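**Q** Have a look at the structure that comes next, please.
The values are calculated or read from the model by the stated rules, or taken from the named source; none is laboratory data. What you see is a predicted model; the values in this text were computed from it and never measured. In this analysis, Cβ positions are derived from the backbone assuming ideal geometry, glycine residues included, and neighbour counts consider all displayed protein chains. To get the accessible areas, we keep the full protein, side chains included, count just its heavy atoms, and leave off ligands, DNA and RNA. Shrake-Rupley method; radii C 1.70, N 1.55, O 1.52, S 1.80 Å.
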Amino acid sequence: MLVSAKEMLTKAKEGHYAVGQFNINNLEWTKAILLTAQELNSPVILGVSEGAGKYMCGYKTIVGMVNGMIEGLGITVPVALHLDHGSYEGALACIEAGFSSVMFDGSHYPIEENIAKTKELVKITGEKGISLEAEVGAIGGEEDGVVGTGECADPDECKMIADLGVTMLAAGIGNIHGKYPENWAGLSFETLDAIQQKTVDMPLVLHGGTGIPAEMIKKAISLGVSKINVNTECQLAFADATRKYIEAGKDLSGKGFDPRKLLAPGFEAIKATVKEKMELFGSVNKA
Ligand code: 13P
């Protein structure tokens, strides 16, 4: 059964570790992440962007697939199915379809509008026991056509949004989606520290988990980050393993063209990436 992310993130904040959000794209992705979480006895959040939602034929298809897999694979660790960077309408559609968690990304609106829309969603999600992530300060880079510049959030605005009663808060601290450029300045721990001091118990979310050095991840967790999003790194691992399989000519030998064989190395590569992240985030055996 899908659960809200509230309990797992409250525990993570108290226990000084982070729960990974891994974005899904298809059946192999979802299966790899769920099986790894189960093997490591770790809670997990499956992230779905609006673009990935369309790709997978709509939110209802995803809810059906994930619920079916939880039953079929005997998954017993806590799993939250979460809309990533949702619009207001997207959040409503996911709540309707059976997601257990949604993000409303109002960071591109003036703060008053972000507050007004987030407030409405606090009420709707609260009535249904669904967790809600809000965002202040756009996360840089490009994700599904949504481009941000990697701002640092204003700690006072973070407090205003946190006080509305959201479950978790994503705040820009110089992080960006996708690969980090050579000249990236790194995370702003000064900003993170100021945000945590204003928002106290609020689980903070670090987007753009791909390529952030391990030491920075650990420091971010020590300053209140309880959820870390990873997407691109699984995609790179999958593409790399699949390329190697093809380049080695394995699809041309025997039944190597069978999709269940062709996609197996990529599937294993996602599993290895998720395992590495769960170990780094400290969520192993925290289910
Ligand atoms: P990356 O693709 O950089 O790992 O970011 C993922 C993310 O933040 C999803 O919201």
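**Q** Go through the range 89-110 and count every residue that is under 17 Å from residue 160 (Cβ atoms) and β-branched (Val, Ile, Thr).
**A** 0
**Q** Among the residues of the range 37-47, write down those that are within 16 Å of the ligand (Cβ to nearest atom) and out of contact with any Gly (no Cβ under 9 Å at 6 or more places or on another chain).
**A** Correct list: 46, 47.
**Q** Right, something else. Given the condition under 23 Å from residue 25 (Cβ atoms), buried (at least 17 other Cβ atoms within 10 Å of the Cβ) and of a type in the set (Gly, Ala, Ser), answer yes or no: does some residue in the range 223-242 qualify?
**A** yes
**Q** Yes or no: residue 246 part of a helix (DSSP H, G or I), buried (at least 16 other Cβ atoms within 10 Å of the Cβ) and modelled with pLDDT of 95 or more?
**A** No, not satisfied.
**Q** While we're looking at this one, here's another question. For residues in the range 65-84 being over 21 Å from residue 268 (Cβ atoms) and in contact with a helix residue (DSSP H, G or I) (Cβ under 6 Å, 6 or more places away or on another chain), which is surrounded by the fewest Cβ atoms within 10 Å (Cβ to Cβ)?
**A** Among those that are over 21 Å from residue 268 (Cβ atoms) and in contact with a helix residue (DSSP H, G or I) (Cβ under 6 Å, 6 or more places away or on another chain), it is 78.
**Q** Do we have any residue at all in the range 108-125 that's open to solvent by 50 Å² or more (accessible area, probe 1.4 Å), within 16 Å of the ligand (Cβ to nearest atom) and over 18 Å from the mean Cα position of the chain (by Cα)?
**A** yes
**Q** Quick check on the range 171-180: of everything there that is within 12 Å of the ligand (Cβ to nearest atom) and of a type outside the set (Ser, Thr, Tyr), which residue is surrounded by the fewest Cβ atoms within 10 Å (Cβ to Cβ)?
**A** Within the range 171-180, the match that is surrounded by the fewest Cβ atoms within 10 Å (Cβ to Cβ) is 179.
**Q** Let me ask something additional. For the condition farther than 29 Å from residue 201 by Cβ, crowded, with 22+ Cβ neighbours inside 10 Å and within 16 Å of the ligand (Cβ to nearest atom), what is the one hit in 52, 32?
**A** Exactly one residue qualifies, and that residue is 32.
**Q** Checking residue 38 against (1) under 29 Å from residue 165 (Cα atoms); (2) open to solvent by 40 Å² or more (accessible area, probe 1.4 Å), which test does it fail?
**A** (1)
**Q** Would you confirm whether any residue within the range 197-219 is within 13 Å of the ligand (Cβ to nearest atom) and assigned to a helix (DSSP H, G or I)?
**A** Yes.
**Q** What are the residues in the range 160-191 that are of a type in the set (Gly, Ala, Ser), free of Cβ contacts under 8 Å to residues at least 40 places away in the same chain and within 24 Å of residue 9 (Cα to Cα), if any?
**A** Passing the criteria: 171, 174, 188.
**Q** Given the criterion more than 22 Å from residue 34 (Cβ to Cβ) and charged (D, E, K, R), identify the matching residue among 277, 198, 227, 286.
**A** The conditions single out 198.
**Q** While we're here: Quick check on my filter: what residues within the range 251-265 are touching a helix residue (DSSP H, G or I) at 6+ places or on another chain (Cβ under 8 Å) and either over 21 Å from residue 33 (Cβ atoms) or within 13 Å of the ligand (Cβ to nearest atom) (or both)?
**A** Answer for the range 251-265, where residues must be touching a helix residue (DSSP H, G or I) at 6+ places or on another chain (Cβ under 8 Å) and either over 21 Å from residue 33 (Cβ atoms) or within 13 Å of the ligand (Cβ to nearest atom) (or both): 251, 255, 256, 257.
**Q** Please give the strands (runs of 3 or more DSSP E) falling wholly within the range 72-162 in which 3 or more residues are at pLDDT 95 or above and either hydrophobic (A, V, I, L, M, F, W, C) or under 26 Å from residue 283 (Cα atoms) (or both).
**A** The strands (runs of 3 or more DSSP E) meeting that bar are 79-86, 101-104, 131-136.
**Q** Name the residue, out of 45, 62, that is surrounded by 19 or more Cβ atoms within 10 Å (Cβ to Cβ), over 14 Å from the mean Cα position of the chain (by Cα) and either in a loop (DSSP other than H, G, I, E, B) or modelled with pLDDT of 95 or more (or both).
**A** That would be 62, the only listed residue that is surrounded by 19 or more Cβ atoms within 10 Å (Cβ to Cβ), over 14 Å from the mean Cα position of the chain (by Cα) and either in a loop (DSSP other than H, G, I, E, B) or modelled with pLDDT of 95 or more (or both).
**Q** Can you tell me which residues in the range 251-282 are open to solvent by less than 30 Å² (accessible area, probe 1.4 Å) and among the aliphatic types (A, V, I, L, M)?
**A** Result: 269, 270, 274, 278.
**Q** Scan the range 96-112 and report the pairs whose first residue is over 20 Å from residue 150 (Cβ atoms) and touching a residue at least 12 places away in the same chain (Cβ under 8 Å) and whose second residue is of a type in the set (Gly, Ala, Ser) and open to solvent by 10 Å² or more (accessible area, probe 1.4 Å), with Cβ atoms within less than 7 Å and a gap of 6+ or a chain change.
**A** From residues that are over 20 Å from residue 150 (Cβ atoms) and touching a residue at least 12 places away in the same chain (Cβ under 8 Å), the pairs are 100/4; 101/4.
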